[in-house]
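Beneath this line is the structure, given in structure tokens, with notes to follow.
The values are calculated or read from the model by the stated rules, or taken from the named source; none is laboratory data. A quick note: this is a predicted structure, and the numbers were derived from the prediction, not measured. Positions of Cβ are generated from backbone atoms using ideal geometry, with glycine treated the same way; all protein chains shown enter the neighbour counts.
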Ligand code: CO
């Protein structure tokens with residue numbers, strides 16, 4: 001079941017500059033950064049309860065965020081729904097014809113499991129589903 005808007009992700013071409021903007025100009029405390037090897041990204045989190053802003057930047061200049069930045073230069077990248085049972089949600093949505101970018105969930109930030117729905121299935125919006133690690137609550 002989908003239970004919350006976990007985060008909204010913004011792809012940024014200059015992570016340090018974007019972090020400074022969110023901290024100093026917008027006055028938001030940073031929750032931390034994390035390298036997510038499976039997604040080839042470095043992510044910076046800004047908790048804005050009950051959701052988060054996540055800045056995403058390519059890890060080692062490669063991966064889907066690098067491709068996105070080459071095409072668009074930055075922008076709103078995806079929104080993420082939190083799930084209390086990602087396998088069940090994926091199965092239910094697949095049965096309804098949704099296409100996913102992977103066959104199964106992969107490791108995300110903070111030990112979560114994540115999967116992306118193909119934007120073609122959602123009017124052009126990239127939607128992530130994220131099940132937090134069991135010990136994260
Ligand atoms: Co995300």
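For region 19-47, the set of residues classified as in contact with a helix residue (DSSP H, G or I) (Cβ under 9 Å, 6 or more places away or on another chain), away from the ligand (no atom under 14 Å from the Cβ) and assigned to a helix (DSSP H, G or I) consists of 37 only. For region 79-96, the tally of residues that are touching a strand residue (DSSP E or B) at 6+ places or on another chain (Cβ under 9 Å) and in contact (Cβ under 8 Å) with a residue 60 or more places away in the chain stands at 8.
Of the residues making up region 49-65, just one is under 14 Å from residue 13 (Cβ atoms), free of Cβ contacts under 8 Å to residues at least 24 places away in the same chain and in a helix (DSSP H, G or I), namely 61. For region 75-105, taking the residues that are within 16 Å of the ligand (Cβ to nearest atom) and surrounded by fewer than 16 Cβ atoms within 10 Å (Cβ to Cβ), the one that is nearest to residue 14 (Cα to Cα) is identified as 75. Within region 97-111, being under 19 Å from residue 3 (Cβ atoms) and either out of contact with any strand residue (DSSP E or B) (no Cβ under 7 Å at 6 or more places or on another chain) or at pLDDT below 95 (or both) holds for 108, 109, 110, 111. Selection of region 116-126 for residues being buried (at least 16 other Cβ atoms within 10 Å of the Cβ) and closer than 28 Å to residue 14 by Cβ yields 116, 126. Screening 58, 50 for residues that are away from the ligand (no atom under 15 Å from the Cβ) and within 21 Å of residue 22 (Cβ to Cβ) leaves exactly one candidate, 50. Any residue in region 1-17 that's under 15 Å from residue 46 (Cβ atoms) and more than 14 Å from the ligand (Cβ to nearest atom): show its pairings with residues that are modelled with pLDDT of 95 or more and in a strand (DSSP E or B) at Cβ separation under 6 Å, as long as the two are six or more apart or on different chains. Qualifying pairs under 6 Å: 15/57.
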